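The values are calculated or read from the model by the stated rules, or taken from the named source; none is laboratory data. Note that this is a predicted model, so its numbers are computed, not measured. We place every Cβ from the backbone using ideal geometry, glycine too, and count neighbours over all the protein chains shown. Each accessible area value is taken on the protein alone, full model and side chains, heavy atoms only, with ligands, DNA and RNA left out. Shrake-Rupley method; radii C 1.70, N 1.55, O 1.52, S 1.80 Å.
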Amino acid sequence: MAKFRRRTCIILSLFILFIFSLMMGLKMLRPNKATFGDPFGLELLPVLHQQTRLGKSFDSQNNDKINSETNNKNLKSVEITMKPSKASEPYLEELQPLNYYLHVFYYSWYGNPQFDGKYIHWNHPILKHWDPRLIKNYPQGKHSPPDDIGSSFYPELGIYSSRDPSVIETHMKQMYSASIGVLALSWYPPGTNDENGENTDDLVPTILDKAHKYNLKVTFHIEPYSNRDDQNMYKNVKYIIDKYGNHPAFYRYKTKTGNALPMFYIYDSYITKPEKWANLLTTTGSQSIRNSPYDGLFIALLVESKHRYDILQGGFDGIYTYFATNGFTYGSSYENWVRLKFFCDQFNLLFIPSVGPGYIDTSIRPWNAQNTRNRISGKYYETALGAALHAHPSVISITSFNEWHEGTQIEKAIPKRTSNTVYLDYRPHKPSLYLELTRKWSEKYGKERATYALDQKLPVS
């Protein structure tokens, strides 16, 4: 009997030891930094891990409810669409501070069936030649996604929707990685839109929230909506400032006098007569916005040399050049930037040259090949940035983050081949090439601007 008890005790002790060893082994498998609230293996999901590490406190509770999507669907889109690359995306905490004098033009007009019920902008029509005699010489119709899109490049994120919260998040992360401080959001007033898209003003709150999470700021790039004039511009500027002006991500530029004012880029400003702009932008104008709660810095697009004097007459606060095509217009030609800066200094205007990585719009304008600008593996971009720095500008703008139709994007693109199309890409470099070049030049610009800003009495913080 005693022998039986001894054997039972030995077996029980061995069983307890086995259970204890098993528990210790499982504990060793658990990530060291995990807390009881973290899902097991969180570090194996780079996107979710980075979101948690950066903190979710900046996001509004409604951030991820844009299209009444469930959390499961959002997680699915992160899993399938974003496909982050550890090799091409630097850790955020290793980067230099953002440069708030470096702006990038951003477009939120893309749609897909998952989020929008249809493709938007990816199926861009092929635009006809202005000469009826030449129309038959070029393709006609519309693009047919997902394999056939209105772009010569193909995005790493696939044919995304600008309404997908995970896409907005990834875009902000890419801008952050490039040390860009401000995104200039393409904007149409509620109830209006471009001829190939839909209104996206309802996306602005989410874009602001996501931007704030990465310390980015948002300014507005006001598009030439139908019948734009001094009266409805006053109403629309008032709308933007009243609705979004108190958000911490809303951008304000500190002027030489110490005032912090909103900035508005006005695309195709030259199509409105300077007398109309003067009504809005001069102190004596009939619709004057000056010295009111809705005053701001209004930046006109300069295309031709003669536009300089229309811009002065209209009461604008500065000029930008937008087009990423050296030699295409007077304003986009690098050789004119020092002269334009001198002109702006004479009349106390901000000079904001626009640089871009290249240009190709033949997917939607097949007759416009003469304006293609080859990227030359980043050399075209770096030449433009060097020319901009040489002019000692107040701000530099980048055309663009994601204008895929015109091939000016710095967003990540990937190689893709279909039965009918071979898309361009950034090889032999990584998809992040233009983000990395932007970061390099952002840091260089920040240092150089600090040296000449004192002489020009420009703001430095």
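Among the residues making up the stretch 403-422, those that are in contact with a Pro (Cβ under 8 Å, 6 or more places away or on another chain) and open to solvent by less than 10 Å² (accessible area, probe 1.4 Å) are Trp404, Thr408, Gln409, Ile410, Glu411, Lys412, Ala413.
You will find that of Ser151, Ser108, Ser177, the residue that is touching a His at 6+ places or on another chain (Cβ under 8 Å) and among the polar types (S, T, N, Q) is Ser151 and no other.
Filter the stretch 320-350 for residues that are open to solvent by less than 80 Å² (accessible area, probe 1.4 Å), not in a helix (DSSP H, G or I) and not β-branched (Val, Ile, Thr) and give the result. Listed by number, the residues that qualify are Tyr320, Tyr322, Phe323, Ala324, Asn326, Gly327, Tyr330, Gly331, Ser332, Ser333, Leu349, Leu350.
Quick one: in the stretch 202-244, which of the residues that are of a type in the set (S, T, N, Q) and assigned to a helix (DSSP H, G or I) is surrounded by the most Cβ atoms within 10 Å (Cβ to Cβ)?
Among those residues, the one meeting the criterion is Thr206.
A single member of Ile311, Ile289 is surrounded by 20 or more Cβ atoms within 10 Å (Cβ to Cβ), over 25 Å from Tyr381 (Cβ atoms), free of Cβ contacts under 8 Å to residues at least 60 places away in the same chain and in contact with a Gly (Cβ under 8 Å, 6 or more places away or on another chain), and it is Ile289. Scan the stretch 97-122 for residues that are open to solvent by 30 Å² or more (accessible area, probe 1.4 Å), part of a strand (DSSP E or B) and among the hydrophobic types (A, V, I, L, M, F, W, C) and the total you get is 0.
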